[in-house]
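Inspection log for the structure reproduced underneath, given as structure tokens.
The values are calculated or read from the model by the stated rules, or taken from the named source; none is laboratory data. For clarity, every value in this text was computed on a predicted model and none was experimentally measured. Ideal geometry is used to build each Cβ from the backbone, glycine not excepted, and the neighbour counts take in all protein chains shown.
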Amino acid sequence: MIRRSRRLATGALACALAATLAGCLAPAAPESIPSTSPEETAPKEAVAIEITHIVDGDTVRARPAGGTSPPWTVAEGPADDEVPVRLIGVDTPEVYPDLECGGNDATDALRALVSEGDTVWATRDDEERDTYDRVLLYLWTGEGTFVNLDLVATGAGEALRIHPNDRYWPLLQEAESAAIEAGAGIWSRCR
């Protein structure tokens, strides 16, 4: 009886393992991984935009990529005009009009993540623009790196909460705490 129970249990375990492996190794349906969708780490509502210029560590210029609709309201002119984009939730040291400690490093950190001509994934939060008429966005690289978070986590900038655009605030705040504790970037050089 014990042998029979053991064989049944072993057989059931083998079947469960085979079913699990078959599910893991089975190719995904083509429609579930479209070539124009963001990586799994970017939200499903993310829209492709092209970086046209890196202004500083938390500001770029961008336009819709490949005929996609922009994640911002088009007030005047063609929808494919480039716009200034301010990254939500991160504040990096300034490079203009006066260079602040860490300003060039923050710009270099952003350039290490995205380059002019790159297509990235973007989402908005509650408010579309800031007082300087810059479009407010969260960005993800084509590989799925959350740009705003990476800048905070590496100490290129500090977490910045401006309500109501605070969807990722807990994540950004946690990354900032870890960067401060590690003395990363501005937290060791500029404080």
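General remarks:
- Summed over region 82-109, residues that are in a loop (DSSP other than H, G, I, E, B) and over 23 Å from Ala65 (Cα atoms) total 12.
- Here Ile180 does not qualify as surrounded by fewer than 21 Cβ atoms within 10 Å (Cβ to Cβ), in contact with a Leu (Cβ under 9 Å, 6 or more places away or on another chain), modelled with pLDDT of 95 or more and hydrophobic (A, V, I, L, M, F, W, C).
- Of everything in region 106-124 that is crowded, with 16+ Cβ neighbours inside 10 Å and small (Gly, Ala, Ser), the residue that is farthest from Gly57 (Cα to Cα) is Ala122.
- Number of the condition not met by Cys101 [criteria: (1) out of contact with any helix residue (DSSP H, G or I) (no Cβ under 6 Å at 6 or more places or on another chain); (2) modelled with pLDDT under 95; (3) in the same structural domain as Leu171 (by TED's automatic domain parsing)]: (2)
- Residue match in region 31-43 (condition: modelled with pLDDT of 85 or more and out of contact with any strand residue (DSSP E or B) (no Cβ under 7 Å at 6 or more places or on another chain)): no
- Test result for Tyr168, surrounded by fewer than 14 Cβ atoms within 10 Å (Cβ to Cβ), among the aromatic types (Phe, Trp, Tyr) and in the same structural domain as Ser69 (by TED's automatic domain parsing): no
- Some residue of region 145-163 being at pLDDT 95 or above, more than 23 Å from Glu45 (Cα to Cα) and of a type in the set (Phe, Trp, Tyr): no
- Positions within region 54-81 being in contact with a Pro (Cβ under 9 Å, 6 or more places away or on another chain) and at pLDDT 90 or above, in sequence order: Val55, Asp56, Gly57, Thr59, Val60, Arg61, Ala62, Arg63, Pro64
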